[in-house]
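Engineer: Below: one structure in structure tokens.
The values are calculated or read from the model by the stated rules, or taken from the named source; none is laboratory data. All figures in this text were calculated on a predicted structure; none of them were measured in a lab. Reconstructed Cβ throughout: ideal geometry from the backbone, glycine too, with neighbour counts over all protein chains shown.
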Amino acid sequence: MRIPIRMISLATTFFWIFLIVFFVSAVYSVKDVRFDFKEPQMELTSDNKILFSLPITIDNKGYYNIGSFNVTTEISDKQGFIITQGSTFIPIIEKGRHIIATHNMTMGINDLQNSQDYLFNDTELEVHETVGMKLAEVIPVQASTNVSVPWGAPLYDFALGEIEYTAYNLTHMTAIIQISFENHAFFDLTGSIQIRMYNSTGILICEGQTTIEAMQNTQYQEYMELNVPITGITEKGHFEVYFSTPFFKAEEPLVVPYD
Amino acid sequence: MTEEKKDFKKRLQGFTFKALKATIKGVLFYGIYFVLSMFFAPISEMVSGFQQTIEIFVMVYIFLMIVGELTAGTIFHHFFSAAKALFVILYLIFALKGGIVGVTVQNVNLVVDLRLFLVVAMLLGLLGFAKSVLQAINFLNEKAEHVNF
């Protein structure tokens, strides 16, 4: 019986040493692995979608390979509605390798149209970032964080000014309306605005369209002229404003009352 | 009287030898812990309580090891060996919280899945426990063989 016991002793000691040395070296080698998440970039794709790019540099100078490297990003609004999500997976990062990867994610601005807040008000988006990997290809590790990123509205503080009437002919007057907003978005805004003018009885009295071109982080201020039949003019009424740009097209009009 | 003295001297020598062996084993084990703790230093800085958990483990383990060595040649030696093996299993389960360890550093939640490590360590602990039981059985067996009816 002594020999089997001795063999069990030897096997147990050997496996304990192996387990401890492997575990300690796997954990210790993490200090030689460098993950560098560079500044995220936002740009527009050819099909007019927002492209989020996160360049990631991984320098594995540890003793072991890293398996199943995975980056997942989920962007949601403040109410928790998921706007978009993206994932980047690298099956294996061999030891001694230097890898540069780009974590990409696309988002259509129309996805944001559930709430007009995104077009007219600056707000914040919640970003849930998860990075997972298998140290030495066997020890799963996951790190996750939540950050808020500012969202700049492309039509911030949109307003139609006081209507100024000037005589056009015997039957019509020219209504001059000031259009103003600030483009807080990270992209230049180009497109058109269509305005429909209704009087107090709800009758469409005129409509017009103008093109807009606002560089990012600039204020837009232009005038629009509409020829209004004199008989239709009332003191009060409302405008319906339709926006159409390559990036988004508002189906629902913005209703702006006037008096 | 002389025989009694000789017997006492023999016992004292035996105990001194056991104590010396226990001390060497304890120092050796602490030395291994000391070397390994240098590797774990970055984790200790990040995870509060990690150092304390390891130190308690080392203290209890060394205590059981020394007591086990001092009781060598008796059935209690095997009891302490079995207790040591069980202590390793139970302590790992509690310290590693079932294998999923979570830490929050600033705004980052870090989760390490050590279930595989825990399972292997538990199996090795069980093997150590089985070895202690076998040793105890063997010890009693040999004792029984020496009894002269």
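Engineer: How many residues are touching a residue at least 60 places away in the same chain (Cβ under 8 Å) and outside any helix (DSSP H, G or I) if we restrict to the range B:73-85?
Structural biologist: 0
Engineer: Identify the single condition in (1) modelled with pLDDT of 85 or more; (2) of a type in the set (A, V, I, L, M); (3) buried (at least 16 other Cβ atoms within 10 Å of the Cβ); (4) in contact with a helix residue (DSSP H, G or I) (Cβ under 8 Å, 6 or more places away or on another chain) that A:Ile83 does not satisfy, given that it satisfies every other one.
Structural biologist: Looking at each condition in turn, A:Ile83 falls short on (1).
Engineer: Quick check on A:Thr13: is it surrounded by fewer than 14 Cβ atoms within 10 Å (Cβ to Cβ) and within 25 Å of B:Phe117 (Cα to Cα)?
Structural biologist: Taking the combined requirement at face value, the residue satisfies it.
For every residue, the table says whether it meets (1) in contact with a Lys or Arg (Cβ under 7 Å, 6 or more places away or on another chain); (2) charged (D, E, K, R).
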residue: B:Glu3; (1), (2): no, yes
residue: B:Tyr30; (1), (2): no, no
residue: B:Met38; (1), (2): no, no
residue: B:Phe50; (1), (2): no, no
residue: B:Thr53; (1), (2): no, no
residue: B:Val67; (1), (2): no, no
residue: B:Ala72; (1), (2): yes, no
residue: B:Phe76; (1), (2): no, no
residue: B:Phe79; (1), (2): no, no
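Engineer: Another question, then. Could you list all residues from the range A:21-46 that are at the interface with chain B (Cβ under 8 Å from one of its Cβ atoms) and surrounded by fewer than 14 Cβ atoms within 10 Å (Cβ to Cβ)?
Structural biologist: A:Lys31
Engineer: Any idea which of B:Leu140, B:Leu118, B:Leu126 is buried (at least 17 other Cβ atoms within 10 Å of the Cβ) and either over 19 Å from A:Thr12 (Cα atoms) or in contact (Cβ under 8 Å) with a residue 24 or more places away in the chain (or both)?
Structural biologist: B:Leu118
Engineer: Does A:Val149 fit the bill of being more than 9 Å from every other protein chain (Cβ to nearest Cβ), surrounded by 16 or more Cβ atoms within 10 Å (Cβ to Cβ) and part of a strand (DSSP E or B)?
Structural biologist: Criteria not met by A:Val149.
Engineer: Restricting to the range B:116-149, count the residues that are within 19 Å of A:Leu135 (Cβ to Cβ) and either at the interface with another protein chain (Cβ under 9 Å from one of its Cβ atoms) or modelled with pLDDT under 90 (or both).
Structural biologist: Result for the range B:116-149: 4.
Engineer: Further question on the same structure: Taking only the range B:86-114 into account, find how many residues are more than 9 Å from chain A (Cβ to nearest Cβ) and either in contact with a strand residue (DSSP E or B) (Cβ under 8 Å, 6 or more places away or on another chain) or in a helix (DSSP H, G or I) (or both).
Structural biologist: Qualifying residue count, the range B:86-114: 18.
Engineer: Are any residues in the range A:206-240 aliphatic (A, V, I, L, M) and part of a loop (DSSP other than H, G, I, E, B), and if so, which ones?
Structural biologist: A:Met215, A:Ile233, listed by residue number.
Engineer: Limited to the range A:47-63, what total is found for residues that are closer than 21 Å to A:Ala136 by Cβ, more than 14 Å from every other protein chain (Cβ to nearest Cβ) and surrounded by 14 or more Cβ atoms within 10 Å (Cβ to Cβ)?
Structural biologist: Result for the range A:47-63: 4.
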